[in-house]
Structures are given as structure tokens and as C-alpha cells.
Amino acid sequence: GNSVTQMEGPVTLSEEAFLTINCTYTATGYPSLFWYVQYPGEGLQLLLKATKADDKGSNKGFEATYRKETTSFHLEKGSVQVSDSAVYFCALSDTGANSKLTFGKGITLSVRP
Amino acid sequence: EAGVVQSPRYKIIEKKQPVAFWCNPISGHNTLYWYLQNLGQGPELLIRYENEEAVDDSQLPKDRFSAERLKGVDSTLKIQPAELGDSAVYLCASSLGPGLETQYFGPGTRLLVL
């Protein structure tokens with residue numbers, strides 16, 4: 001079956017530091033890949049997505065590239081802000097009408113001033 | 001535009017009691033999802049509705065869990081009777097349609113079973 005593995009957390013960074021959150025996946029076929037973010041007290045929000053190999057999703061300064069050869073979708077940001085403190089989830093979805101999201105465990109990011 | 005609304009936000013009950021969660025999806029969204037999120041884990045799909053039809057309930061423990069989506073809009077998820085292991089966050093999400101349509105999540109209901 002499908003699965004998503006995220007690096008262990010939590011992660012604590014200073015403001016303006018470079019961020020990388022690792023995500024690898026196992027899936028049959030050619031899934032679409034997603035990063036969701038959950039800010040304190042809020043629901044999950046889609047941060048970015050990529051639907052095919054070599055696609056790069058980007059939003060709010062975050063980027064992730066769909067790497068089929070390494071089955072990875074690592075999240076990066078060049079300079080984090082305190083407001084980026086949240087829980088980040090990597091997820092995948094099979095293609096097709098009956099597809100469903102499979103999530104990783106999530107990782108908590110804390111950015112200190 | 002209002003997002004996905006869930007209530008209650010928090011619920012504390014004793015084991016063996018019944019509990020119900022309510023979800024109002026974004027207007028016009030035909031697809032509705034219920035997810036279970038255990039502490040330190042990612043959400044796991046319980047059931048998916050297309051309009052009023054449950055099209056994927058393979059992960060719903062049917063001995064104690066039930067769900068309905070009357071008129072294809074609001075939805076209710078019920079647990080009867082609740083067990084200690086049901087303590088978790090129950091998330092509702094909606095999307096325009098199935099497949100790769102973006103899912104919009106509500107804030108969740110945090111359940112504690114004592």
C-alpha cells in the first residue's frame with residue numbers, strides 16, 4: 001500500500017535560517033504529492049502540491065520538487081519566519097476519482113526570533 | 001467565504017457513552033471526508049461521501065461508528081459506545097469533487113474519552 005515517511009521532529013530554527021523537511025514515499029503508479037500545514041488552533045491547509053515527476057510546487061516562499069528517482073518530496077524554505085511555526089504534513093494521492101490522501105506523521109517546526 | 005465548520009471543538013465523555021460530531025462543508029462542495037487523527041500521527045480517512053452517498057467507508061469501524069450526510073450537505077459522525085482508544089481529533093474536509101481537487105479542512109473536534 002501507499003505510505004509516506006517524514007523525518008523525525010520536532011525542528012527548532014532561528015529566524016532567517018534555511019529549512020529542509022524530508023519526505024519520502026512509497027506508492028504504486030504515479031501519485032500526486034502534497035505538503036499541508038497546520039497553524040496553531042487552525043485546520044490543515046494545502047501549502048503546495050506537485051502532480052508529476054520533476055514538477056516543483058511553491059507557495060509562501062516554500063518549495064518542493066517531485067523526485068521520482070529518489071521517491072522524495074522534500075520541503076525547503078530559504079529564510080524561515082516566526083510565523084512559519086506550525087506542523088507540516090507530507091501526503092500523497094493516487095490518481096483517479098477514487099484516490100485518497102495518505103499522510104505522513106507530521107513534523108512540528110518552531111522558529112524562534 | 002466561510003470554511004469548513006465543525007462542532008463541537010472539544011468533547012469530553014466517559015467510556016461507553018455515545019458522542020456525535022457535526023460538519024458543515026464549504027458551500028458547493030460535493031465531496032466530504034471524515035478523518036481520524038491520533039496524537040503524533042497524520043490524518044487517516046474514515047469515510048468519503050460524494051453528495052449523500054458513502055463511496056469509501058472501508059476504514060470506518062462499523063461496529064461502533066456510523067456517519068450520515070443527509071441531503072448531501074451537512075454530515076454527522078457518531079460513535080456509540082465510545083472507548084478509551086477513540087480519544088483523538090476528528091477532522092472533516094470537503095472538496096469540489098473527488099480525485100485531485102484540493103481538500104479544505106475544518107479545525108477538528110478533539111475528543112477525550114475517560
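Read-outs: derived from the displayed coordinates by stated rules, not from any lab. The model shown is predicted, which means the values in this text are computed figures rather than measured ones. All Cβ positions, glycine included, derive from the backbone under ideal geometry; neighbour counts span all protein chains shown.
If we scan the stretch A:48-65, do we find a residue that is polar (S, T, N, Q), surrounded by fewer than 21 Cβ atoms within 10 Å (Cβ to Cβ) and under 30 Å from B:Asp57 (Cβ atoms)? Within the stretch A:48-65 (the criterion being polar (S, T, N, Q), surrounded by fewer than 21 Cβ atoms within 10 Å (Cβ to Cβ) and under 30 Å from B:Asp57 (Cβ atoms)), the answer is yes, since at least one residue qualifies. Filtering the stretch B:78-97 for residues that are at the interface with chain A (Cβ under 9 Å from one of its Cβ atoms) and over 10 Å from the mean Cα position of the chain (by Cα) leaves a non-empty set. The residue that is surrounded by the most Cβ atoms within 10 Å (Cβ to Cβ), counting only those in the stretch A:1-16 that are more than 14 Å from the chain's Cα centre (by Cα) and within 14 Å of chain B (Cβ to nearest Cβ), is A:Asn2. Return a yes/no flag: does the stretch A:17-40 have any residue that is within 11 Å of chain B (Cβ to nearest Cβ), polar (S, T, N, Q), surrounded by 15 or more Cβ atoms within 10 Å (Cβ to Cβ) and out of contact with any helix residue (DSSP H, G or I) (no Cβ under 6 Å at 6 or more places or on another chain). Within the stretch A:17-40, one or more residues are within 11 Å of chain B (Cβ to nearest Cβ), polar (S, T, N, Q), surrounded by 15 or more Cβ atoms within 10 Å (Cβ to Cβ) and out of contact with any helix residue (DSSP H, G or I) (no Cβ under 6 Å at 6 or more places or on another chain).
Residues in the stretch B:98-114 that are closer than 22 Å to B:Ser7 by Cβ and either within 14 Å of chain A (Cβ to nearest Cβ) or part of a loop (DSSP other than H, G, I, E, B) (or both): B:Gln103, B:Tyr104, B:Phe105, B:Gly106, B:Pro107, B:Gly108, B:Thr109, B:Arg110, B:Leu114.
Among the candidates B:Ala82, B:Ala93, single out the residue that is surrounded by 15 or more Cβ atoms within 10 Å (Cβ to Cβ) and in a loop (DSSP other than H, G, I, E, B). Before you say what the answer is, go through the steps one by one.
Working: B:Ala93 fails: in a loop (DSSP other than H, G, I, E, B).
None of the others qualify; the one that does is B:Ala82.
Suppose we keep only residues that are outside any loop (DSSP other than H, G, I, E, B) and touching a residue at least 40 places away in the same chain (Cβ under 8 Å) within the stretch B:33-45. Which one would you say is farthest from the chain's Cα centre (by Cα)?
Initial filter on the stretch B:33-45 (outside any loop (DSSP other than H, G, I, E, B)): B:33-37, B:44-45.
Within this subset, residues satisfying the condition of being touching a residue at least 40 places away in the same chain (Cβ under 8 Å) are B:33-37.
Values: B:Tyr33: 6, B:Trp34: 3, B:Tyr35: 5, B:Leu36: 7, B:Gln37: 10 Å.
Among those residues, the one meeting the criterion is B:Gln37.
Residues in the stretch B:66-77 that are under 24 Å from B:Ser87 (Cβ atoms) and either out of contact with any helix residue (DSSP H, G or I) (no Cβ under 9 Å at 6 or more places or on another chain) or part of a loop (DSSP other than H, G, I, E, B) (or both): B:Ser66, B:Ala67, B:Glu68, B:Ser75, B:Leu77. Of the strands (runs of 3 or more DSSP E) lying entirely inside the stretch A:1-99, those containing at least 3 residues that are under 24 Å from B:Ser95 (Cα atoms) span A:32-38, A:45-50, A:56-59, A:62-65, A:86-93.
Look at the stretch B:1-28 and say how many of its residues are charged (D, E, K, R) and not in a loop (DSSP other than H, G, I, E, B). Don't jump to the end; show me each part of the working.
Within the stretch B:1-28, the subset charged (D, E, K, R) is B:1, B:9, B:11, B:14-16.
Going one step further and asking which of them are not in a loop (DSSP other than H, G, I, E, B), we end up with B:11.
Counting residues in the stretch B:1-28 that are charged (D, E, K, R) and not in a loop (DSSP other than H, G, I, E, B) gives 1.
Of the residues making up the stretch B:67-87, those that are within 22 Å of B:Val4 (Cα to Cα) and not polar (S, T, N, Q) number 11.
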